[in-house]
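Participant: Handing you this structure, nothing more for now.
The values are calculated or read from the model by the stated rules, or taken from the named source; none is laboratory data. Keep in mind it's a predicted model, so treat the numbers as computed, not measured. As a convention, Cβ positions derive from the backbone with ideal geometry for all residues, glycine included, and neighbour counts pool all protein chains shown. The area values use the complete protein model at the heavy-atom level, side chains included, leaving out ligands, DNA and RNA. Shrake-Rupley method; radii C 1.70, N 1.55, O 1.52, S 1.80 Å.
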Amino acid sequence: MTNSVYFEQIYQRPVILEAKNLSQVFQQGQTGRTILNQINLQIHKREFICIIGPSGCGKSTLSRVVAGLDGYTSGMLLVDGQTVTGPSPERGMVFQGYTLFPWQTVKENVMFGPLMKGESHPLAEAQAREWINIIGLEQYAHQYPHQLSGGMKQRVAIARALVNQPKILLMDEPFGALDPH
């Protein structure tokens, strides 16, 4: 299959994420600092996108806005045609830092999303165990984050995002702490 045929197939898929003239301006006293300036993009279902650029150019801000963690100043942001107004389990986020709940075990951290979505405890636990096995940390399921290495913590954070089966997975430099294997 040629690249042009492959990309044509991708662009025939439904648009899952769309930004129209999306801007983010942070107020600094009397002036504003424009971080995102009229971003326009469409991402199709099952499309894999990487945003690269120098430090401070707005990559993390864009991820946080798409995740619904930060608002935007102007424009539109749609997921499946619905305006993004806040966080949703449909948009999973893995941060640069581990962002685990230190008072919860590995299993409890991974169970958090399904429980917040209203899943029963047994189902949430089964889903968590499946993802903990996938990331190779079964023997650490009852450990707390302070008992894990940096790479192990980040794998837990990735599992916690994936357990919700999000439509969109946002990852903000998530592999820096992982070992090559």
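Participant: Could you sort GLU108, GLU8, GLU18 by their accessible area in this structure, using a 1.4 Å probe and putting the largest first?
Facilitator: GLU8, GLU108, GLU18
Participant: Say the dipole of region 30-181 comes from +1 at the beta carbon of Lys and Arg and -1 at that of Asp and Glu; which of LEU36, HIS142, PHE112 then lies farthest toward its positive end?
Facilitator: Selected residue: LEU36.
Participant: Further question on the same structure: Would you kindly state how much longer the chain becomes between THR31 and LYS167 on full extension, computed as 0.36 nm times their sequence separation minus their alpha carbon distance, in nm to one decimal?
Facilitator: 45.3 nm
Participant: A further question on this structure: Any idea what log10 I(q)/I(0) is at q = 0.11, 0.13, 0.16 Å⁻¹ for the chain, Debye with uniform C-alpha scatterers and no solvent?
Facilitator: -0.57, -0.78, -1.06
Participant: When the accessible area of the chain is split by element with a 1.4 Å probe, what percent falls to carbon and sulfur?
Facilitator: The value for the chain is 52 percent carbon and sulfur by accessible area.
Participant: How much accessible area per residue does the chain have, counting only protein heavy atoms and a probe of 1.4 Å, in square angstrom?
Facilitator: On the way: 10880 Å² over 181 residues.
For the chain, the solvent-accessible area averages 60 Å² per residue.
Participant: May I ask you to list the residues of region 69-96 whose amide nitrogen lies under 16 Å from a point 7 Å from Cα along the Cα→beta-carbon direction of VAL15?
Facilitator: 75-84
Participant: How much accessible surface area, in Å² rounded to 10, belongs to the heavy atoms of GLU47 with a 1.4 Å probe?
Facilitator: Its accessible surface works out to 40 Å², give or take rounding.
Participant: Let me ask another. Per-residue ellipticity at 222 nm for the chain, helices alone: DSSP H runs ≥ 4 residues times -39500 (n - 2.57), over residue total, nearest 500 deg cm²/dmol?
Facilitator: Values: 5 runs with 56 residues, N = 181.
Helix contribution divided over all residues of the chain: -9500 deg cm²/dmol.
Participant: Let me ask another. Are there DSSP H segments in the chain that both extend 15 Å or more along their axis (alpha-carbon positions) and score a mean Kyte-Doolittle hydropathy of at least -0.5? List them, or say none.
Facilitator: 106-116, 121-134, 150-162
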